[in-house]
Structures are given as C-alpha cells and as structure tokens.
Amino acid sequence: MGFSVMDRRSTRRPLDLERPQQTLGLGLLILAGALAVNSVLGPLLLDVIDYPVSETMRNQTIGLDAVNLAVVAPLCAFVGWLALHRNRWAPLLALGPTTYAAYMFVQYIAGPDHTNYVRVLPLQLLAFVLGWTLAVLAWQVRPRLERFSADRGPHAVVVGLLAAFVVVRYLPGLAGTVTETGLATELQTDLAMYWLIFLMDLGLFVPVAAAIAIGLWRGSESAMAALTGLIGWYLLVTAAVASMSITMVVNDDRHASSGQLALFVALTLAMVAYAVVLARAVVSGSPSRHNGNRP
C-alpha cells in the first residue's frame, strides 16, 4: 500500500499555472487602466469627479492621483505583462499593488460625503474588486520561498517596526479614547475618511503585520511570501502619503507640515532600499523553478 501511494504521487501531473497567470496578467492590465482613468478624471487633471471633501483632502487626493497615475498604474501594467509572459515572480510582485488598490479605493468610494450616486462609482467599484480578487489569485499561484527562511529574524524585526510606526502615529487618538478628547480641527472636516483610514490601519494592517512577524520568527513559508506583499503595499502607501504632503506644501495648504513631508519622503526612500534588499534575498534564496514555470 505504501509503495502504491508513492507511485501515484510520483506520477501526478504538476499544477498547470498557465491559465491563472494569464488571468492575473489580464486583470492587472485592466486594473492599471482603471487606476489611470480614475486619476485623469480626478482633480489632478480634468477635475470631472467632484469629491465633496475639504480643501486639505482635495490636495491629498491630487497627490494620491499623481502617484496612482505615475507609479501604481505603470507598475500594474508591467507586472501584468510579466504575468502574461509566465514570469514566476509576477504573482509576488502583484501582491503589493493589488492590495494597495483595494485599500485606496475603499477610501475613494466611502470616504467622500456623497449625497447622490456618482457616475464614476462603477469604475471605482471595479478597481476595488479587481484589487482584492487579483491579490487572492496572486497568492494562490505564488512561487514557494522555502530557502528564504534563514533570513527570517531581521525581516521580522523590520515588520514589527513598521507596525509600531503606524501604532505610534495613532497613539494620541487612542489615548483620547480615555478622556473622549475631540478630534483635531483638520480631521473634523473629513470624518468618514479619517475613521476609514483609522479602521484599516489599526484594524487590518497592524494585525496582519503582527501575524507576519510571528510567522517569520517561526520560519513559515507563507509568512515569507506575505512579507513581499506587505512591503510592496507599505512602499506604495508611504509614497502616496509623501506625494500628498508635497501637494499640500506646494498649494500652501494651511494644514501642510514640512516635518511630515520630510518624514514620509525619508520613509519612502528607506522602503525602496529595503525592498531592493528583500528582492535580492528572495531571488538568491529561491529554487530556480516552481511547478513547471519558467524562471
């Protein structure tokens, strides 16, 4: 019985990933188009989309649209091209921009105080759905990273520091829950947007980052793969926040902060450097083939 089971396993056909890779590639190209169109229609260029938000939030939307148009949309198109050509790294590269799209389009849809259905809603809903569905697909067809486990300790520390940075930024608000302190003036004009970001950062990102850090310490392969998506997401978010800060300073927004601008520009550069280190570690420590995919 034991030999017959082993024989059946040895003759089992490898999982065919060509069709999921093609689906992932096409989906990423569509997502790139949705990101680009949404940015062009927004206040960055055509100003067709009328977001009922404060002047500060409008400046931040301009900065966000700029990053989406100049960075995220081309990145989605490039990774989509890689997926269509069956590049084995495309699913890992897709995790960052797809989760970023889902995260940001929650804010595009639910953040502004719309009192009527807007024409751009189907486009933004499409981008949100593509973001999380493509992230799930990319996770299912990702390459394995078993040999990367030797470097898990330092990376777990980095993830813990990133989560701690987010928590520290919200500490005044968390402390204010004890005394029911009122929100800062600049936050009170866009309450829905603030609470959405508050919920997603502390309710989603921090727990996920903590789980990944614990998994890295234990040598989990899935945690190592999730790390690449987390860093991709974090890098794009910090770049977006840096762009928002730049826009606020350039437009003389009354809530602009040169200190926050310097902080997030520095953090973005640090994330770029760390992403390069992580990519080199992943590529150098992974098998040359995975489930029949070309390297």
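Distance between the modelled labels on residue 266 and residue 125, one decimal in nanometres: 4.4 nm (7 Å Cα→Cβ projection). Using 0.36 nm per residue and subtracting the Cα-Cα separation, the extra length available between residue 204 and residue 189 on full extension is 3.0 nm. Fully extending the segment from residue 284 to residue 174, taken as 0.36 nm per residue of separation minus the present Cα-Cα distance, adds 35.4 nm.
Mean Kyte-Doolittle of at least 0.0 plus a Cα span of 27 Å or more along the axis: flag which DSSP H helices in the chain meet both, please. Before the final figure, lay out each step's value.
Details: long enough: 18-41 (35 Å, 0.92); 90-110 (30 Å, 1.02); 121-140 (29 Å, 1.58); 221-250 (44 Å, 1.55); 258-284 (39 Å, 1.83).
Counting only whole DSSP H runs, the qualifying helices are 18-41, 90-110, 121-140, 221-250, 258-284.
Of the peptides 179-186, 108-115, 125-132, the ranking by mean beta-carbon count within 10 Å, highest at the top, reads 125-132, 108-115, 179-186. Between residue 114 and residue 254, residue separation times 0.36 nm minus the direct Cα-Cα distance comes to 48.0 nm.
Region 119-139 and region 41-86 have Cα centres lying 14 Å from one another. Computed about the Cα centre, the dipole magnitude for region 17-284 is approximately 1120 debye when only Lys and Arg (+1) and Asp and Glu (-1) carry charge, each at its Cβ.
Starting from the Cα gyration tensor of region 17-284, take the square roots of the eigenvalues, sort them a ≥ b ≥ c, and report rounded, prolate or oblate (rounded when a/c is under 1.5, otherwise prolate if a/b is larger than b/c, else oblate).
Working: a/c = 1.89, a/b = 1.26, b/c = 1.51.
Verdict is oblate for region 17-284.
Fewest-first ordering of 174, 75 by other beta carbons within 10 Å of each residue's beta carbon gives 174, 75.
Listed peptides 192-202, 228-238, 243-253, 64-74 appear in the order 228-238, 64-74, 243-253, 192-202 once ranked by packing, highest mean of other Cβ atoms within 10 Å at the front.
Computed with the Debye formula from one identical point scatterer per Cα of region 66-113, without solvent, the log10 of I(q)/I(0) at q = 0.17, 0.19, 0.22, 0.33 Å⁻¹ comes to -0.54, -0.64, -0.77, -1.14. Value of Rg to Rh for region 70-168, rounded to two decimals, is 1.06; Kirkwood radius and Rg both from alpha-carbon coordinates.
Quick note: the coordinates plus some simple rules give every number you see, no bench work behind them. As the structure is a computational prediction, the values presented were derived from the model and not from experiment. When we count neighbours, we look across all protein chains shown, and the Cβ atoms used for this are built from the backbone with ideal geometry, even at glycine.
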